[in-house]
Structures are given as structure tokens and as C-alpha cells.
Amino acid sequence: MSEQALESSLLDKLIDYLEKPDFYPHKPEHVEHIQTHISHVFIAAPYVYKFKKPVDFGFLDYSTLKKRKKYCHREITLNRRLSDDIYLGVVSVVEQDGTFKIIEEEPTPNQVVEYAVKMNLLPEEYFLHTYLEDDSLTYDQLERVADKLAEFYNSQEPDEEILQWGEVENIKVNTDENFEQTEDFIGDTIAQNSFDAIQYFTNEYFDRQQPLFEQRIEDKRIVDGHGDLHLEHIHITPDKVQIYDCIEFNERFRYGDLAVDLAFLAMDLDFNNRWQEERYFINQMAKKLEDPDLPEIINFYKCYRAYVKGKVKSLQSGEEEVPQEERKEAAQTARRYFNLALRYALLGSHPRVLVVMGRVGSGKSTIARHLAQKLNIKRYSSDRIRKKMAGLPLRERSPESKRDELYSREMSEQTYQKLTDNALQAIKNGESVILDATYSEKPARNRLLETVDAPVLFVETQAPNSTIKERLADRESQNEVVSDARLEDFDTLSNTFEEVTDIPESKLVKVSTDCTVEQTKRQLYQAFIDINIKNGLDR
């Protein structure tokens, strides 16, 4: 039996003891066992004991007792940089007379069967994620976190060993590894077209933003950071801010642009739909660090961070020792993180209005629904708005006697005004929005551009007449179709659609739907990414 297999077997036996309150010297009332893909954590109030799993993932190697001891001590040293009374020390577990015992003193090496990091248990009410869940997160709290981190980064004088981790070829080691390690999850936690799009965005950004990366090195924005800076690792009491649980197992995950460090927390806020709070935090960091490029490059690194979380959750979903329900939940969470990474790649993270338009039957609503679901963006449909205002059932074709009134000039103007109002409200709330409507007339398109004070991107879906006629004919046999348009309306609707020559190329994507859905997504994703990166270059 290999050393790793032997130690894993011994840990399984040890876990039975660690889950019992009587095992601990201070005899807690109860013990809670939590595990991640790399650790076993035992909460035995008022302490926490963290054991490293005997695993080797390539980027992390805890496969031997000697290595686990080394990384336990390194974890304490590194985490004391941003916390002062959490990490108490390394404890040893020895085996005596057929049983196990935790001891604080250093025994002879041949007595030890395992090492653990001992910490004080922090009150749950003061974690950043708790404030968020209770809807009590304030800008003042984010300001205090920004002050703590700004002091941490500004105190560093990075040498050449650290600065090299700002070079594209070294950053690419991490991103390439992420893609390699998630290939087995394609079709499970990440779709093939999402994988391809995020990889395309990543590599294109490297190629086209090379000067920005070089400037970051020259400005010494490369630091020995935290490496795992997310909500659950930030504790804010009225007296102090403490940040713990940094990456200790691999320097290349900790060394890097301070933006990649901040991107984890920024991404966490976005993941929880706190887009305004995220922008406030990053803007404060940019001011405190005197780093005007931070709001630009943070988008790239947020995509990276979301992808890393998707990878971690995917790995957890495949661990046989993790309960089935937890594995299922991990897989669902992984999909959400990968979708967020895709959103960053396609659209960035600033509020924008995405208008999915085109002739009736050209596939616009199919594309709009896909983007809304995939990117977690609210969608407003002109068909739905029109029928709701008229008090008509959504999923029944409107009676012919009502159609003249329903599709009158007055009702159409009210419908498009409501779409604009919804867009304005979304932007005011710091959110992106999808408008699903034909936008067949130039004045309606131009009014939207003139009214909305945020980036607007039009997507025109296109298909040949024969395809559109076939789709409209098929609606006769379909149930619950919101649109009233049918084959008999083709000529009238086609004649009223004004060719899209009024929208600047920088604000327009034309996409063919006369192909498979996957092919349409692929061409749409690439077009979005090209515009997203170009907009970043132009800012």
C-alpha cells in the first residue's frame, strides 16, 4: 500500500474520533464536521481544527505527513498578516494504546499520525457573508475592508521573484491549467460552447491587452496577496477587520496582480447580485491604491476567479466520499459560477442594455430567453408587455377582434415606452437588462439610444424568408406561444421592418439563426467577446 493510501486509511479511522466531543481536551458540547475537496474541518467551540486531506491535485500536494505539517505552519504564518487572534498554532494527533489523542506540545516525529491547524471560532454574525444574507451589508463595512487591504498591498515592495507573476506567460500557466482540469466536466457542469467562449476571451485578452499587463508590472501592482479573498474569509466586528484562510499551498496562486486578489471578493458580490456594492468597493480600492486601471482589468480577473470557483465546485461534485446531496449541490453551484464567468467574458460587469431584435420569426425571443437564463439577466418582452397592458391572456393567440387595437400605433408606442422605462430602472439599480422586441422602426431604436445613459448593444437575429415562414407556420400547432404572429402576417410584418442601417457597428451584432442553436450561440458569443475586449481597449 502506498504512503498516500495508508495515510488516507488512517485518516478515515481518525475521523470517527474527531467527530466525538469527548475526544477533545476541552470537551465541547458538540462537534460539527465540514469538508471541502482539500480539508476536513471540525468545529468544536470555542475552537476549530483544520486537517488537510492526503491528496495531490498537482497544483496542491498534501500527499505526505511531512508536507501537511509544512503547510500547517505556513498557513499560520501567512494568515497572521491579515489577522491577529484567529490562528493559535499547530497541534499534533498521536496514537497511544490503540486510540488517538490531540496534544499541543511537539512530540517526537514517529509518534505523530496527523497535524492540524488550531483556530479560535469566530462569531458567525460578523462574517461578511452574514451581513449580505441579512441584507445589512453597508458601504461603511466595504470601506473598512478596502482600508485593510489597501494598507496590506501598499506596505509591500515586490521583488523580481514576485513581479514575474504579472507576466502574461506566467498568468497563462494558471488559466491554461484551469481549462485542462475542467475538460472532463464539459457537458456536466459547463457547456462546450461556454468553455470555448471563456477560453477564447481569456487568450484574446492576453494577446490584445499585453501593454496593460506590462504597465501593471512597471507600476509594481504585483503582490504576495491572499489568494482566496471571498466573503466567508472576511470578519468585521465593530472593533476590527480580520481576513483569514489565505492560500498557503501554492505561491503562484497567491503571487499576482493585486487585481486578481480583489477580483475574488468582487466576483463574490456579483455572484450574490450585489453589483452596486461591487462597483463601490472596486472604485474605493482604485482610489486608495491610486490605481486608475483597476476597474478595467478587474473584469478579466473576475472571469478568472469565477472560473476557478466553478472548477473547485466541479471537483467537489466528483468526490465519492462527499454525500450525494452535497455533490449534487456542488455541481449546481459550479454551473452558476461558470455562467458568471461567461457573463464577464461576453458583456463585462457594468450595467448595460442588451436589445435582442429582428423580424418576427427570426429567433429573437429564443436567443433572448437563452441569454437571460444563461447570464442571469432580467428579460422584458414586448409581446408580454403588450398583452398585459391590454388585459389579455399571455399564452393564447389574441382574438382577431382585438388585434387592431392591440397593435395600434398608440399601443405600440406605450409598449416601447414601457420597455425603455424598464431599462432605465434596471440601470438605476446598477443592473443589466435584456429587451426582447422587434424594434422594427428606426425612431424607436434611436430613442432608446438617446434616452438610456448606459452602454446599449443591439443583437439583430437574421434568417431567410423560407425559414421564417416555416417557423410561423409551426406556431399553429404549438401551445402557449406568447406572440400572435402567424404565417398569414408574414408579408405585413416584413414590409414594416426597417433595415438596420442606423446603429453603429460598435453597438450592433448580427447573428444568423438559420443553423443549429449551438452554432448560433457560438457566433453570438464570439461577437460579444470581440466587442467586450475592444470596448476595454477603447476606454
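Just to check your reading of the model, which residue among TYR380, TYR439 is surrounded by 15 or more Cβ atoms within 10 Å (Cβ to Cβ), within 26 Å of the chain's Cα centre (by Cα) and hydroxyl-bearing (Ser, Thr, Tyr)? Write out each step before concluding.
On the way: TYR439 fails: within 26 Å of the chain's Cα centre (by Cα).
Unique residue meeting the criteria: TYR380.
Taken over the stretch 348-399, the criterion of being among the β-branched types (Val, Ile, Thr), within 27 Å of ASN465 (Cα to Cα) and outside any helix (DSSP H, G or I) is satisfied by VAL355, VAL356, VAL360.
What do you reckon, is ALA423 in a helix (DSSP H, G or I), in the same structural domain as ASP514 (by TED's automatic domain parsing), surrounded by 20 or more Cβ atoms within 10 Å (Cβ to Cβ) and within 32 Å of the chain's Cα centre (by Cα)? Don't jump to the end; show me each part of the working.
Details: in a helix (DSSP H, G or I): yes; in the same structural domain as ASP514 (by TED's automatic domain parsing): yes; surrounded by 20 or more Cβ atoms within 10 Å (Cβ to Cβ): yes; within 32 Å of the chain's Cα centre (by Cα): yes.
Yes.
Just one of VAL517, VAL509, VAL500 is aliphatic (A, V, I, L, M) and more than 28 Å from ARG409 (Cα to Cα); which is it?
Values: VAL509 fails: more than 28 Å from ARG409 (Cα to Cα); VAL500 fails: more than 28 Å from ARG409 (Cα to Cα).
Result of the check over VAL517, VAL509, VAL500: VAL517.
Can you pull out the residues in the stretch 460-485 that are touching a Leu at 6+ places or on another chain (Cβ under 7 Å) and not in a loop (DSSP other than H, G, I, E, B)? Walk me through it before giving the result.
As a first pass, look at the stretch 460-485 and keep what is touching a Leu at 6+ places or on another chain (Cβ under 7 Å): 460, 469, 472-473, 482, 485.
Once the filter is applied, which keeps residues that are touching a Leu at 6+ places or on another chain (Cβ under 7 Å) and not in a loop (DSSP other than H, G, I, E, B), the stretch 460-485 yields GLU460, LYS469, LEU472, ALA473.
Residue check: is GLU329 in contact (Cβ under 8 Å) with a residue 12 or more places away in the chain and assigned to a helix (DSSP H, G or I)? So GLU329 fails the test.
Listed here are the residues, each with its yes/no results for (1) touching a Cys at 6+ places or on another chain (Cβ under 7 Å); (2) at pLDDT below 95; (3) more than 30 Å from THR182 (Cβ to Cβ).
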residue	(1), (2), (3)
ASP16	no, yes, yes
HIS33	no, no, no
SER63	no, yes, no
SER83	no, no, yes
THR99	no, yes, yes
ILE102	no, yes, yes
VAL117	yes, no, no
ASN120	no, no, yes
TYR126	no, no, yes
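Could you check, for the stretch 493-513, whether at least one of its residues is surrounded by 13 or more Cβ atoms within 10 Å (Cβ to Cβ), modelled with pLDDT of 90 or more and in a helix (DSSP H, G or I)? Yes, the stretch 493-513 contains at least one residue that is surrounded by 13 or more Cβ atoms within 10 Å (Cβ to Cβ), modelled with pLDDT of 90 or more and in a helix (DSSP H, G or I). Which members of the stretch 131-150 meet the condition of being out of contact with any Leu (no Cβ under 8 Å at 6 or more places or on another chain) and in a loop (DSSP other than H, G, I, E, B)? Those that are out of contact with any Leu (no Cβ under 8 Å at 6 or more places or on another chain) and in a loop (DSSP other than H, G, I, E, B): ASP134, ASP135, SER136, THR138.
Can you report the number of residues in the stretch 124-150 which are in contact with a helix residue (DSSP H, G or I) (Cβ under 9 Å, 6 or more places away or on another chain), surrounded by fewer than 16 Cβ atoms within 10 Å (Cβ to Cβ) and either touching a residue at least 40 places away in the same chain (Cβ under 8 Å) or under 11 Å from GLN284 (Cα atoms) (or both)? Steps first, answer last, please.
Of the stretch 124-150, the ones in contact with a helix residue (DSSP H, G or I) (Cβ under 9 Å, 6 or more places away or on another chain) are 124-125, 127-132, 134, 136-139, 141-143, 145-147, 149-150.
If we keep only those that are surrounded by fewer than 16 Cβ atoms within 10 Å (Cβ to Cβ) too, we end up with 124-125, 134, 136, 138-139, 143, 147.
Pick out the ones that are also either touching a residue at least 40 places away in the same chain (Cβ under 8 Å) or under 11 Å from GLN284 (Cα atoms) (or both) and you get 139, 143, 147.
Number satisfying all stated conditions: 3.
The values are calculated or read from the model by the stated rules, or taken from the named source; none is laboratory data. All of these numbers come straight from a predicted model, not from anything done at the bench. Neighbour counts are summed over all protein chains in view; Cβ atoms, including those assigned to glycine, are modelled from backbone coordinates with ideal geometry.
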